[in-house]
Amino acid sequence: RSSSNGSDASSDLDMLCLISCNRRCLSSENLRICLLAQCRVATAVRPWSEIGKEEGIATDLTSYNALLFGCARASNATAAEGLLKDMGRRRLSANTLSYNAVLTGLARCGSASAAEHLFETMQEQSVPVDVVSFNALLLAHAHRGDAIMAETWFQRLLDRSLGPDNASFNTVIKACAKAGNSVLAETWLARMVSQKLTPDLISYNTAISACMLTGDHERAQTFYVALQKHRLVPDVVSYA
């Protein structure tokens, strides 16, 4: 269970691991880190060097990926980048999951240039990129309201013959909304449908937000009617 009190959540999850394993080992510690990361508990990103000294536990790729995931969840790009460098020092080869976690952390901070640089590093290191990698780049530009760059990276995703998912389209729509371009948001919503993907509540709410920024109430009403037609339940954002 999650808790508003980080220490309480940490204690509960530590107890869970101790119940499942009489003594702490790499597997139980990795589980604890994963659970803490899910709860966004700050201690999830505690340096593994400290854990190693205290517990005498060796590190592995799963350990670091769990920590990186926690950093991404907490939008802590600085800690994520530090962990990636630490992996290199320990001669642990980062994989797609590792890089995607750091890319996501950078994206949530709006660090588009740093995310692009890391994406290039992935390719230089021959680490496979996937749709999650590209979605992170889309998000980085969406946070900045740069619809043009979001569209550019979407096309690069297609050029790799990777199938965009709902998150891909929703993120480009978000970039349009941040840019205050309701017409472009509608274009991407229609394109999403043409790709046989079903817009969800996030899709419509984001498009509605774009309309609200430009005072395009008529178009916003069209999106509202559409989401109801698809049997989606409006929330507070839908009524904004």
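Points worth noting:
- Qualifying residue in region 132-140 (condition: over 25 Å from I202 (Cα atoms) and either open to solvent by 50 Å² or more (accessible area, probe 1.4 Å) or assigned to a helix (DSSP H, G or I) (or both)): no
- Residue pairs whose Cβ atoms lie under 6 Å apart, sitting 6 or more positions apart in sequence or on different chains, and linking a residue in region 162-181 that is within 18 Å of G145 (Cβ to Cβ) to a partner that is assigned to a loop (DSSP other than H, G, I, E, B), are K178/G145; A179/G145.
- Qualifying residue in region 131-147 (condition: touching a His at 6+ places or on another chain (Cβ under 6 Å), among the small types (G, A, S) and without any contact (Cβ under 8 Å) to a residue 60 or more places away in the chain): no
- Matching residues, region 107-131, being at pLDDT below 90 and either assigned to a helix (DSSP H, G or I) or surrounded by 21 or more Cβ atoms within 10 Å (Cβ to Cβ) (or both): R108
- Residues of region 230-240 classified as modelled with pLDDT under 85, surrounded by 12 or more Cβ atoms within 10 Å (Cβ to Cβ) and hydrophobic (A, V, I, L, M, F, W, C), total: 1
- Residues of region 196-229 satisfying the condition of being under 26 Å from the mean Cα position of the chain (by Cα), surrounded by fewer than 21 Cβ atoms within 10 Å (Cβ to Cβ) and not in a helix (DSSP H, G or I): K196, L197, T198, D200
- Test: T171 is modelled with pLDDT of 90 or more, open to solvent by 10 Å² or more (accessible area, probe 1.4 Å) and not in a loop (DSSP other than H, G, I, E, B): yes
- Neighbours by Cβ (under 6 Å, 6+ apart or cross-chain): first from region 209-234, touching a residue at least 12 places away in the same chain (Cβ under 8 Å); second open to solvent by less than 40 Å² (accessible area, probe 1.4 Å) and assigned to a loop (DSSP other than H, G, I, E, B): L213/G180; T214/G180
- First in region 107-129 and closer than 16 Å to S93 by Cα and in contact (Cβ under 8 Å) with a residue 24 or more places away in the chain, second anywhere and open to solvent by 90 Å² or more (accessible area, probe 1.4 Å) and assigned to a loop (DSSP other than H, G, I, E, B), Cβ under 9 Å, 6 or more apart: Q125/S93; V127/S93; V129/R160
The values are calculated or read from the model by the stated rules, or taken from the named source; none is laboratory data. Just so we're clear, the structure is a prediction, and the values are computed from it rather than from any experiment. Methodologically, a virtual Cβ is constructed for each residue, glycine included, from the backbone with ideal geometry; neighbour enumeration extends over all protein chains shown. Ligands, DNA and RNA are excluded from the accessible area calculation, which covers all protein heavy atoms including side chains. Shrake-Rupley method; radii C 1.70, N 1.55, O 1.52, S 1.80 Å.
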